[in-house]
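No lab work stands behind these numbers, since they all come straight from the coordinates. Fair warning: this is a prediction, and the values are worked out from it, not measured in the lab. All Cβ positions, glycine included, derive from the backbone under ideal geometry; neighbour counts span all protein chains shown.
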Amino acid sequence: MENVLNSTVEEQQEYIINMGPQHPSTHGVLRLVLSLKGETVLSVEPHIGYIHRGIEKMCESITYPQIIHLTDRMDYLSAHINNEAVCLAVEKALDVEVPERVKYIRTIMAELTRIQSHQLWWASFGMDLGALTCFFYGLRDREKILDIFEETTGGRMIVSYNCPGGLMYDIHPNFQTRVKEFISYFRKILPEYNQLLTDNVIFHERSKGMGVLTREDAIAFGITGPSARASGFSCDVRKHEPYSAYDKVKINEIMYSAGDTFHRYTARIDEMWESMNIIEQLIDNIPEGPFFVKMKPVVKLPEGEYYQRVETARGELGVYIISDGNKNPYRIKFRSPNFSNLWVMNHISKGNKIADLVAISGSLDLVIPDIDR
Amino acid sequence: MSFNIYDLTSFTEWIHNSLSQAMSPGWVTVTEMVIVGVAFLTFYAIVGLFLVYAERKVCAFMQNRLGPNRVGPFGLFQTIADLTKLLFVELVSIRKADKVLFNLAPFIVIIASFMAIAAIPFAKGLHAIDLNIGVLYVLAVSSLGVIGILLAGWSSNNKYSLIGAMRSGAQVVSYELSVGLSLLTIVVLAGTMQLSEIVEAQRHGWFIFTGHIPAFIAFVIFIISSTAETNRGPFDLAEAESELTAGFHTEYSGIKFAFFFLAEYINMFIVASIASTLFLGGWMPLHIGSWEGFNNVMDFIPPFFWYLGKTGFIIFIMMWFKWTFPRLRIDQLLKLEWKYLLPINLVNILLMALIVLLEWHF
């Protein structure tokens, strides 16, 4: 696409608007160059790189246990799952079998992470549509999960709880009771979310049939996560390629076929229910035992290429490590879900109104630091 | 001199008579205008500040928060502190903005709301100008405000502002029709456009009760369309902050921004006043048929408080749906007006005319 910003206003027939990098609904420093005709969006050109920190390059000069802490900063809402991905890749490379206890705790924490990420998404999605009260409801309940995180890991958002070979610390003695308390609380609260936003007529009008993404397009654009499953593309890594303790639980993959904003929304709401089901299957059965495997003080991966994929709250995160046998990777590449999800925006928001563009970008649930890394 | 709080006519007459004794009729008019002007300015500022506070408290309670609670008792002085801060904020001048229109716009918005407030009957005898075409005057004056919004959007040299202003233009022009027609329904019922007479006609029952279903439909339509006309959520497309940052007032700072902000709340107050005057009997107490005791107790509450109570109730409803509903899209907004509200309104006004002709109303 030719860069519309280089042409003068006389040359171009459209009305060009720079949405971002500082804009309330781009959820970070994403810049969208919109060309408009009246209110209708003719094209969307995303410009990224405003929060590029060179995480992949930085990883080449630090050791594997240190990399964990950088991955927190990619998709900061799925911090625990990012940690887990790197740990799984390293463990796979070293052929280390972690204890059952670690697998269970990792899975429970990952599902809690997913719930809190979707809560924040729900909060901000409501705000994108102008329903400001959602934001406070979402954050109120997210706080309860963050408190659980804080008690066990010491961190609230950037948890850094995993390390190659297990966990940093054992769970707090209160962990199980607090998680159970939270789930019984949240099962009562989630219908309230529906009452506030999902059942609203205006919300239905705003989201149904908007930004339709077909299954073929979802596959072609590499969309993953709830956004793809709302289009009918079965891509749940937890189900298709189970890691940690996902092979021990019954997972119901949330699938819709319409692929519009409304179904991307409902897919995420349903995922919160599903995550609670998964946690309930595991929380009472956490086996006793050590919470880590004794590893060498310096983790050196044997020469070779290793890949591990996990399901974050936004889609499939892939960690690709090339090792030359040293204590730091020769090259590390993260296949981040948001990067792929972003580029579909032009395709599905063409011809819609500006307000719909905001709703569509909200329904894709973008986290900008994960796009730039 | 004795004056009673149930009928302020004697009070205003007393002022007029004492002034007439002291000066010539010309000066009396000038003095009275100054008194009314100062009174309205004060009232305007107090209402504006209080409504900002009320909105913050209401939205705080809707959202599980406490709201302002540090400055003064219950945070009452928070808005005063905020306004003082706004007075001292730098007025940023925009490059390539149309300076004259840019500076004029906030004044047009605030003057329009100021003019409309003059025609509202606050209590018996407390009424600045009792025009015989009061309803028409309020409609005409309150829609002047949109010129200010359009100018603000146009002159800011900002694309978001322009989109916001255009949305606002389309919105106000469309919803003006519904507001007008729903008020006309009541004018048909009351047989007059004079606001004081409309209130007087509701002595034995508010129009929302005596006007059968058409009056109720008109009330609902009025609430919806007047919310749209004042650019408040869920119809706040003109400033839609998730889409247009702040819409037409993106480029304004300091006291000019405060003007837009205050005018929004005063406009809300005006439409709530109109709704309470035309549908809920203005300052008339609630009377139920032949319940003498009940009616006497109701009469005991001074009219001004009746008026404030009803207006406050409608303002609360408007705040309520602002904080619970998502925002509409511009085409849905216009569709709602032209496809639903306007036809319903036209049928409704016919129904009301039939009811009045056949004398079915109470």
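Tell me the Kirkwood radius of the stretch B:91-357: reciprocal of the mean inverse pair distance over distinct alpha-carbon atoms, in Å. After inverting the pairwise mean of 1/r, the radius is 19.1 Å.
Partners of B:Lys99 within straight-line reach, counting aspartates and glutamates whose Cα lies under 17 Å from its Cα and excluding those fewer than 8 residues away in the same chain: B:Glu90, B:Glu251. All C-alpha to C-alpha distances of the stretch A:228-325, sorted into 10 Å bins beginning at zero, yield P(r) values of 13, 33, 30, 18, 6, 0 percent in whole numbers.
Taken along its three principal axes, the alpha carbon spread of the stretch B:12-88 comes to 58, 29, 17 Å, from the longest extent down to the shortest.
Note on the protein assembly as shown: Kirkwood hydrodynamic radius from all Cα pairs is 29.2 Å, rounded to one decimal.
With one equal scatterer per alpha carbon and no solvent term, the Debye-computed log10 I(q)/I(0) for the stretch A:293-353 at 0.14, 0.30 1/Å reads -0.58, -1.11. Summary value for the stretch A:50-184: 28 percent relative contact order, contacts being C-alpha pairs under 8 angstrom separated by 6+ residues. Taking other residues whose beta carbon is less than 9 angstrom from the beta carbon of A:Gly211, and scoring Lys, Arg as +1 and Asp, Glu as -1, yields -1.
Ordering of B:21-31, B:64-74, B:145-155 by packing is B:145-155, B:64-74, B:21-31, highest average first (other Cβ atoms within 10 Å, averaged per residue).
The mean count of C-beta atoms from other chains within 10 Å of the C-beta of residues in A:196-206, rounded to a whole number, is 3. What does the charge add up to near A:Arg140, with Lys and Arg as +1, Asp and Glu as -1, over the other residues with Cβ less than 12 Å from its Cβ? So the surrounding residues net to -1. Counting only other residues whose beta carbon sits under 12 Å from that of B:Phe50, what net charge do I get with K and R as +1, D and E as -1? The answer is +1. Averaged over the residues of A:353-360, the number of partner chain Cβ atoms lying within 10 Å of the residue Cβ comes to 5.
Using 30 Å as the Cα-Cα cut-off, could you pick out the over-long pairs in A:Lys239/B:Lys322; A:Lys57/A:Lys92; A:Lys239/A:Lys296; A:Lys57/B:Lys159; A:Lys144/A:Lys239? From the list (A:Lys239/B:Lys322; A:Lys57/A:Lys92; A:Lys239/A:Lys296; A:Lys57/B:Lys159; A:Lys144/A:Lys239), the Cα-Cα distance tops 30 Å for A:Lys239/B:Lys322; A:Lys239/A:Lys296; A:Lys57/B:Lys159. Per DSSP H run of at least 4 residues, take -39500 (n - 2.57); add these up for chain B, divide by its residues and hand me the 222 nm value, nearest 500 deg cm²/dmol. Mean residue ellipticity, 222 nm, calculated: -22000 deg cm²/dmol. Amide H to amide H, with H built 1.01 Å from N, A:Gly28 comes under 5 Å of A:His23, counting only residues 5 or more places away or on other chains.
Of interest is the spacing of the C-alpha centroids, which for the stretch B:32-111 and the stretch B:249-267 amounts to 7 Å.
Estimated purely from DSSP H runs of n ≥ 4, each contributing -39500 (n - 2.57), the mean residue ellipticity at 222 nm for chain A is -14000 deg cm²/dmol once divided by its residues. Shielding value for A:135-143 is 2, the average number of Cβ atoms from other chains within 10 Å of each residue's Cβ. Here the Kirkwood formula, the inverse mean of 1/r across different C-alpha pairs, assigns chain A a hydrodynamic radius of 21.3 Å.
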